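Below is one structure, written out as structure tokens, with a few remarks after it.
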Amino acid sequence: MKGNLSVAAPTFRCRRCKGNVPQANVADEEDLTVDGETYGLVESFCYLGDMLDTSGGVDAAVRARVRCGWKKFHELVPFLTSRAPTPKMKGLVYSACVRSSMIYGAETWALRIDHERKLETAENRMVRRMNGVSLKDRKSSKELRDNLHIEKITEVVRRARLRWFGHVERMKEENWVKRTTRMEVEGRRPAGRPKKTWRETVNADIKQLGIDPKDTIDREAWKDAISAARSNPGAPGKRTRKR
């Protein structure tokens, strides 16, 4: 259906217009006062290197970090594209300088498939330039990454996310960080599919890797489970506990 429903029914009023659905509209406001402190309202801002915006997703954060990765890559182009260093050395520099800046703060991202594709696309272009090949050479991205001895960027992000999940689970129940990962917003959910949460992303990682979330209680056991899943993706993680 397209168009305004009031055309078909002049007396029609949606639930939002009736006031049944609360809507925060800050576009007309200039400042926000909280506990006596006045803050300016903006659509987005950078906090500790991570982009936050009013949409509530990670679109802006992924775009910003990809730009940071390209900026660092261009600074190191003379070294990364040179034939003098070995491919392994290029991979080490790329992982330490370029990829680390591109996935900064990714532990808290609720990534969708399109976000992962953006990260992979950026990395694949960098990997081809470091190997001195183009798409015409018909070489797979995995082959080129293996030549540089680096992992797929989405696997690195997944492992970092699970590592942070273990830290959160070991926190005390009254810790505000742990509480925010379990809080639920009260009220009627609006129409449409809800945004993907960080918790849903972690649950999908755990299911895909076949690891036991109970191992988070033991730091070493959780570390071993992630490492086992890293060496054998898709297989159940190694579960060991201290005695």
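The values are calculated or read from the model by the stated rules, or taken from the named source; none is laboratory data. Source: prediction; values computed, not measured. Methodologically, a virtual Cβ is constructed for each residue, glycine included, from the backbone with ideal geometry; neighbour enumeration extends over all protein chains shown. Heads up: the accessible areas ignore ligands, DNA and RNA and are worked out on the full protein's heavy atoms, side chains in. Shrake-Rupley method; radii C 1.70, N 1.55, O 1.52, S 1.80 Å.
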Top-ranked residue of the range 70-128 - restricted to ones that are in a loop (DSSP other than H, G, I, E, B) and small (Gly, Ala, Ser), ranked as farthest from Ala204 (Cα to Cα): Ala84
Of Trp198, Trp164, Trp176, which residue is at negative phi, among the aromatic types (Phe, Trp, Tyr) and modelled with pLDDT of 90 or more? Trp164
Run Ala64 past the list (1) part of a loop (DSSP other than H, G, I, E, B); (2) of a type in the set (Gly, Ala, Ser); (3) open to solvent by less than 50 Å² (accessible area, probe 1.4 Å) and report the number of the one that doesn't hold. (1)
Checked pairs for the range 136-147, first on the phi < 0 side of the Ramachandran plot, second outside any helix (DSSP H, G or I), C-beta under 6 Å and 6 or more apart or across chains, list as Lys139/Val133
Filter the range 178-216 for residues that are open to solvent by less than 30 Å² (accessible area, probe 1.4 Å) and part of a helix (DSSP H, G or I); the one that is farthest from Val58 (Cα to Cα) is Asp215
Any idea which of His149, His115, His167 is closer than 27 Å to Tyr47 by Cβ, surrounded by fewer than 17 Cβ atoms within 10 Å (Cβ to Cβ) and not hydroxyl-bearing (Ser, Thr, Tyr)? His167
I need the full set of residues from the range 131-177 which are farther than 19 Å from Glu220 by Cβ and among the aromatic types (Phe, Trp, Tyr), in order please. Trp176
Give all pairs with beta carbons closer than 8 Å in which a residue from the range 62-76 that is without any contact (Cβ under 8 Å) to a residue 12 or more places away in the chain and farther than 17 Å from Val93 by Cα meets a residue that is open to solvent by less than 50 Å² (accessible area, probe 1.4 Å) and in a helix (DSSP H, G or I); count only pairs at least 6 apart in sequence or on separate chains. none
When both residues are 6+ apart or on different chains and their Cβ atoms are under 7 Å apart, which pairs have a first residue that lies in the range 31-50 and is open to solvent by 90 Å² or more (accessible area, probe 1.4 Å), and a second that is of a type in the set (D, E, K, R) and assigned to a strand (DSSP E or B)? Tyr39/Asp31; Glu43/Asp53
Got a number for residues in the range 154-164 being open to solvent by 30 Å² or more (accessible area, probe 1.4 Å) and without any contact (Cβ under 8 Å) to a residue 60 or more places away in the chain? 1
Of those in the range 217-243 that are over 16 Å from Arg161 (Cβ atoms), open to solvent by 60 Å² or more (accessible area, probe 1.4 Å) and part of a loop (DSSP other than H, G, I, E, B), the residue modelled with the lowest pLDDT is Arg243
